[in-house]
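Novice: Before I ask anything, here is the structure I am working with.
The values are calculated or read from the model by the stated rules, or taken from the named source; none is laboratory data. Remember, it's a predicted structure, so these values are computed and weren't measured experimentally. With ideal geometry, Cβ positions are generated from the backbone for all residues, glycine too; neighbour counts draw on all protein chains shown.
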There are 2 protein chains.
Amino acid sequence: MKDKPLILITNDDGVNAKGIKELAECLRELGDLVVFAPDGPRSGMSSALTSLIPITYTLVKEEPGLSIYSCTGTPVDCVKLAVNDIVDRKPDLLVSGINHGGNMAICVHYSGTMGAAIEGCILGIPSIGISLTDYAADADFDECCRLGRKLARRVLKEGLPKGTYLNLNVPSIPHVKDIKVCRQAAGHFINEYMRSENASGDPVYWLTGSFDEAKPIHPENDTLALNDGYASLVPCRIDVTDYDFMQKLQSMIKE
Amino acid sequence: MKDKPLILITNDDGVNAKGIKELAECLRELGDLVVFAPDGPRSGMSSALTSLIPITYTLVKEEPGLSIYSCTGTPVDCVKLAVNDIVDRKPDLLVSGINHGGNMAICVHYSGTMGAAIEGCILGIPSIGISLTDYAADADFDECCRLGRKLARRVLKEGLPKGTYLNLNVPSIPHVKDIKVCRQAAGHFINEYMRSENASGDPVYWLTGSFDEAKPIHPENDTLALNDGYASLVPCRIDVTDYDFMQKLQSMIKE
């Protein structure tokens, strides 16, 4: 008899966040789950690694079909340590999330949720990051779980091309139309700091800002799909080489 | 009279590292420099952001054509805060490095050096990350500076396509042949943790590992160029969308 699929779950909001608990609950029927996640919030950790200090983990819960671990590291540390030290075979699927807050557009670069998905992909595991456009601790993940499970089931069945991972963002609305395959929106954040001061009266800077989307907005952009009530799904590549520019760059440096 | 070019310099080894000092020294003749870098090591910080606590900075040194700031944040925080709060116009060039240690192949995803270059690119600044394949604090940066300055001069003159940044890696050898434009090598790290224990006898895990390059090795790979005595230069894209897979993914989720 074939083993059940092995699914590795992590996130960047920490093992106690509502998003990862609901994710594990909704993927339960698809396979054996190993939840291996940070012991607290690691938002905006991107693909950060812990190399200057050691990391460790503890087993939080174990029952048939579900093990939950809490780890002192970043989301990428969690994926690496789980694959190196916990699972006895390569997981069939990695799902990171559900993130409290959207990771559309260029946020794929900052997101710890997506950092974990990138790491899974690097390690040869079909990997998905899932985010809900709602930062609230008690956000409603129902629609997100429905669509995330649908996608996870598909990826378990069909796999993904080597070097490609998925970025699913779900709008925080009662009825999401469907999943729409999109491209990553371009743009950048502006007015990124709120100046304040510490108890000694010295200036300190809090990260804030708003997204300034590059114009013209492409009709297949993820931000546009989300605004239209769709869940956006962007397939992303580990290989970030700009192949179109290679030849011109070679001439440029030869001049 | 046209202003001199404004060059923003940062890194992930911290403002006191030899690599950033030598970089600033060698770029001095190309423009006015603002060095805005972390106050200590931030290796492996990728594009991590500081959002849960505030950050701050101090002016370390100021002389005509050179200002040096030390910042409590990550490399990406440094780029953001410098652009939002320090410079009075958009820098003409961002150079991140020179990193003590290579950032070839998939290390572009983990590297704080490259995180800063990605951020510069997102903010519309022609951006280059430079790394030397030597972790030593007193590494010899001469060849790296020579090639880095050559490239910086080129990029100042010609610019870069919107959304494209450069990843320059220089081998730690006395005479580097030349800069070769490459693609990012594929592969992943293996045996990534050394198990040890803390003072209480509990297990802890130190990040280590070796790079297992995917076979066959492509002749235009950056790791191969470095092994052959060239500096590798990979043009990279902010937009990580896998355009080739979009249509197939759309059918896959419709089934």
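Novice: Criterion first (exposed (fewer than 14 other Cβ atoms within 10 Å of the Cβ) and closer than 25 Å to B:ALA186 by Cβ) does A:LYS177 satisfy it?
Specialist: Numbers: exposed (fewer than 14 other Cβ atoms within 10 Å of the Cβ): yes; closer than 25 Å to B:ALA186 by Cβ: no.
Considered against the rule, which asks whether it is exposed (fewer than 14 other Cβ atoms within 10 Å of the Cβ) and closer than 25 Å to B:ALA186 by Cβ, A:LYS177 comes out as no.
Novice: Any idea which of B:GLY129, B:GLY73 is buried (at least 24 other Cβ atoms within 10 Å of the Cβ), part of a loop (DSSP other than H, G, I, E, B), more than 8 Å from chain A (Cβ to nearest Cβ) and without any contact (Cβ under 8 Å) to a residue 60 or more places away in the chain?
Specialist: Answer to the check: B:GLY73.
Novice: So which residues in the stretch B:180-199 are surrounded by 13 or more Cβ atoms within 10 Å (Cβ to Cβ) and among the polar types (S, T, N, Q), if there are any at all?
Specialist: Scanning the stretch B:180-199 gives a single hit, B:GLN184.
Novice: To continue, here is another question. Among the residues of the stretch A:31-38, is any buried (at least 19 other Cβ atoms within 10 Å of the Cβ), in a strand (DSSP E or B) and in contact with a Lys or Arg (Cβ under 6 Å, 6 or more places away or on another chain)?
Specialist: no
Novice: For the stretch A:205-250, which residues satisfy the criterion of being of a type in the set (A, V, I, L, M), closer than 30 Å to B:GLU213 by Cβ and not in a loop (DSSP other than H, G, I, E, B)?
Specialist: Passing the criteria: A:VAL234, A:MET246, A:LEU249.
Novice: In addition: Do you know which residues across the stretch B:143-167 are farther than 10 Å from B:LEU93 by Cβ and more than 10 Å from chain A (Cβ to nearest Cβ)?
Specialist: B:GLU143, B:CYS144, B:CYS145, B:ARG146, B:GLY148, B:ARG149
Novice: Next question. If I ask for residues that are within 8 Å of chain B (Cβ to nearest Cβ) and either assigned to a loop (DSSP other than H, G, I, E, B) or among the acidic types (Asp, Glu) (or both), which ones from the stretch A:106-118 would you list?
Specialist: The answer is A:TYR110, and nothing else.
Novice: Return a yes/no flag: does the stretch B:37-54 have any residue that is of a type in the set (Asp, Glu) and in contact with a strand residue (DSSP E or B) (Cβ under 6 Å, 6 or more places away or on another chain). Give the steps one after another, and end with the answer.
Specialist: Pass one, the stretch B:37-54, residues of a type in the set (Asp, Glu): B:39.
Then drop every residue that is not in contact with a strand residue (DSSP E or B) (Cβ under 6 Å, 6 or more places away or on another chain), which leaves B:39.
The answer is yes, given that some residue of the stretch B:37-54 is of a type in the set (Asp, Glu) and in contact with a strand residue (DSSP E or B) (Cβ under 6 Å, 6 or more places away or on another chain).
Novice: Condition first: buried (at least 24 other Cβ atoms within 10 Å of the Cβ), out of contact with any helix residue (DSSP H, G or I) (no Cβ under 6 Å at 6 or more places or on another chain) and under 18 Å from A:SER47 (Cβ atoms). Can you find one or more residues in the stretch B:82-94 that meet it?
Specialist: So far as the stretch B:82-94 goes, no, none of its residues is buried (at least 24 other Cβ atoms within 10 Å of the Cβ), out of contact with any helix residue (DSSP H, G or I) (no Cβ under 6 Å at 6 or more places or on another chain) and under 18 Å from A:SER47 (Cβ atoms).
Novice: In the stretch A:41-57, how many residues are buried (at least 22 other Cβ atoms within 10 Å of the Cβ) and more than 7 Å from every other protein chain (Cβ to nearest Cβ)?
Specialist: Matching residues across the stretch A:41-57 total 2.
Novice: Restricting attention to the stretch A:45-70, which residues are closer than 26 Å to B:LEU52 by Cα, in a loop (DSSP other than H, G, I, E, B), of a type outside the set (A, V, I, L, M) and free of Cβ contacts under 8 Å to residues at least 24 places away in the same chain?
Specialist: Passing the criteria: A:SER51, A:PRO54, A:THR56.
Novice: Let me ask something else. Within 11 Å of chain A (Cβ to nearest Cβ), free of Cβ contacts under 8 Å to residues at least 40 places away in the same chain and of a type in the set (Lys, Arg): which single residue out of B:LYS215, B:LYS248 fits that description?
Specialist: After applying the criteria, what remains is B:LYS248.
Novice: Restricting to the stretch A:132-160, and then to whatever is within 18 Å of A:GLY115 (Cα to Cα) and surrounded by fewer than 24 Cβ atoms within 10 Å (Cβ to Cβ), can you tell me which residue is nearest to the chain's Cα centre (by Cα)?
Specialist: My answer is A:THR133.
Novice: Taking A:ILE68 as the residue in question, decide whether it is buried (at least 24 other Cβ atoms within 10 Å of the Cβ), in contact with a strand residue (DSSP E or B) (Cβ under 7 Å, 6 or more places away or on another chain) and more than 14 Å from chain B (Cβ to nearest Cβ).
Specialist: Against the criterion (buried (at least 24 other Cβ atoms within 10 Å of the Cβ), in contact with a strand residue (DSSP E or B) (Cβ under 7 Å, 6 or more places away or on another chain) and more than 14 Å from chain B (Cβ to nearest Cβ)), A:ILE68 does not qualify.
Novice: Considering only the stretch A:239-255, state which residues are under 22 Å from A:SER46 (Cα atoms) and in contact with a strand residue (DSSP E or B) (Cβ under 7 Å, 6 or more places away or on another chain). Walk me through it before giving the result.
Specialist: First, the residues of the stretch A:239-255 that are under 22 Å from A:SER46 (Cα atoms): A:239-242.
The answer is A:VAL240, A:THR241, A:ASP242.
Novice: What pairs come out if I take residues in the stretch B:181-193 that are closer than 17 Å to A:ILE55 by Cα and without any contact (Cβ under 8 Å) to a residue 40 or more places away in the chain and pair them with residues that are crowded, with 20+ Cβ neighbours inside 10 Å and of a type in the set (D, E, K, R) whose C-beta lies under 8 Å away, six or more apart or interchain?
Specialist: B:GLU192/A:LYS80; B:TYR193/A:LYS80
Novice: From A:TYR165, A:TYR135, A:TYR193, grab the single residue that is at pLDDT 95 or above and under 28 Å from B:GLY187 (Cα atoms). Break it down stepwise before answering.
Specialist: Working: A:TYR135 fails: under 28 Å from B:GLY187 (Cα atoms); A:TYR193 fails: under 28 Å from B:GLY187 (Cα atoms).
Among A:TYR165, A:TYR135, A:TYR193, only A:TYR165 is at pLDDT 95 or above and under 28 Å from B:GLY187 (Cα atoms).
Novice: Scan the stretch A:186-204 for residues that are touching a helix residue (DSSP H, G or I) at 6+ places or on another chain (Cβ under 8 Å), at the interface with chain B (Cβ under 7 Å from one of its Cβ atoms) and in a loop (DSSP other than H, G, I, E, B) and jot them down.
Specialist: A:ALA186, A:GLU192
Novice: Can you tell me which residues in the stretch B:29-87 are of a type in the set (A, V, I, L, M, F, W, C) and on the phi > 0 side of the Ramachandran plot?
Specialist: none
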